[in-house]
Amino acid sequence: MQKYYVVKYSGPFGFIKPWTAVRDSETFSQQFLTPSIVEGIEKKLFPELLTENGIKKIQRHRLSYSQISPQQEVIQTRGWNSTRKGKQILFDRPKAILMRGVLLEPILFLAFENIEDANEAMKQHICLCRNEDILMPSSLEVIEVDHFDTNEEKYSGYELIFEKTEKSFLAGYDRQTSKPMYGWLKTVGRPVKNY
């Protein structure tokens, strides 16, 4: 029977940057990881994959949390506005305030096909989307592949399945190719923990 080597990561908080953030005046953090986020985590864990496109080693993932904390963030536009005041030209960049959601007490499971990859992942920390939101590894388990979906108590959470089906929705654009990325949301057990 096929096995998964599952590494559990956890931390006090984690932010997932919504791919539509630059267009939204107010946005809550997504509750799932997009293909580009999972690929970024994989490339952090396995830098030898930096020259390759796509996800190669992480087979599955699952994310849960205790709640979302709305927090204010000040942003500035990329461009400059210019105005003329007499003979002077003044430049300024307008500011705005966004509400962003931060996941509290996130737990992330990463499933690998071989023990060598899981052992390498177990030695390192990861971040979801912000460098200051560190998740540390806490355990490594060997399970049967179907156990990842059937044990709703242990492996509850959200997982975006990276495939295009009738259930899929647009989850962003690939940075390298500009092609749309699709997936459908799988919910297992109770992803929002009530302690």
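The values are calculated or read from the model by the stated rules, or taken from the named source; none is laboratory data. What you are looking at is a predicted structure, and each value in this text was computed from that prediction instead of being measured. Note: ideal-geometry Cβ built from the backbone for every residue, glycine included; neighbour counts use all protein chains shown.
Taking region 156-173 as the range and being out of contact with any Leu (no Cβ under 9 Å at 6 or more places or on another chain), more than 16 Å from ILE58 (Cα to Cα) and of a type outside the set (A, V, I, L, M, F, W, C) as the test, the residues that pass are SER156, LYS164, THR165, GLU166, SER168, GLY172, TYR173. Pairing each residue of region 144-158 that is touching a residue at least 12 places away in the same chain (Cβ under 8 Å) with any residue that is among the small types (Gly, Ala, Ser), provided the two are 6+ apart or on different chains, yields C-beta distances under 7 Å for PHE148/ALA111; GLU152/GLY189; GLU153/GLY189; SER156/SER64; SER156/GLY189; GLY157/SER64.
Counting only strands (runs of 3 or more DSSP E) that sit wholly inside region 41-127, those with at least 2 residues that are closer than 23 Å to LYS186 by Cβ and of a type outside the set (Phe, Trp, Tyr) are 58-64, 67-76, 95-104, 107-112. Filtered by the rule that a residue be surrounded by fewer than 16 Cβ atoms within 10 Å (Cβ to Cβ) and modelled with pLDDT under 95, region 123-141 gives ARG130, ASN131, GLU132.
Can you tell me which of LEU110, LEU140, LEU104 is touching a residue at least 60 places away in the same chain (Cβ under 8 Å) and either among the aromatic types (Phe, Trp, Tyr) or under 29 Å from PRO180 (Cα atoms) (or both)?
Numbers: LEU140 fails: either among the aromatic types (Phe, Trp, Tyr) or under 29 Å from PRO180 (Cα atoms) (or both); LEU104 fails: either among the aromatic types (Phe, Trp, Tyr) or under 29 Å from PRO180 (Cα atoms) (or both).
Just one listed residue meets the conditions, LEU110.
Residue count for region 101-122 under the criterion of being under 29 Å from SER69 (Cα atoms) and either surrounded by fewer than 20 Cβ atoms within 10 Å (Cβ to Cβ) or of a type in the set (A, V, I, L, M, F, W, C) (or both): the result is 12.
A count restricted to region 12-56 and to residues that are more than 17 Å from ARG175 (Cβ to Cβ), at pLDDT 85 or above and under 14 Å from the mean Cα position of the chain (by Cα) stands at 5. A search for C-beta distances below 7 Å between a residue of region 68-86 that is under 24 Å from PRO106 (Cα atoms) and any residue that is modelled with pLDDT under 85 and part of a loop (DSSP other than H, G, I, E, B), counting only pairs 6+ apart in sequence or on different chains, returns ILE68/PHE28; ILE68/SER29. Restrict the check to region 80-96 and report whether at least one residue is under 20 Å from ASP133 (Cβ atoms) and either surrounded by 11 or more Cβ atoms within 10 Å (Cβ to Cβ) or in contact with a strand residue (DSSP E or B) (Cβ under 8 Å, 6 or more places away or on another chain) (or both). Looking through region 80-96, none of the residues is under 20 Å from ASP133 (Cβ atoms) and either surrounded by 11 or more Cβ atoms within 10 Å (Cβ to Cβ) or in contact with a strand residue (DSSP E or B) (Cβ under 8 Å, 6 or more places away or on another chain) (or both).
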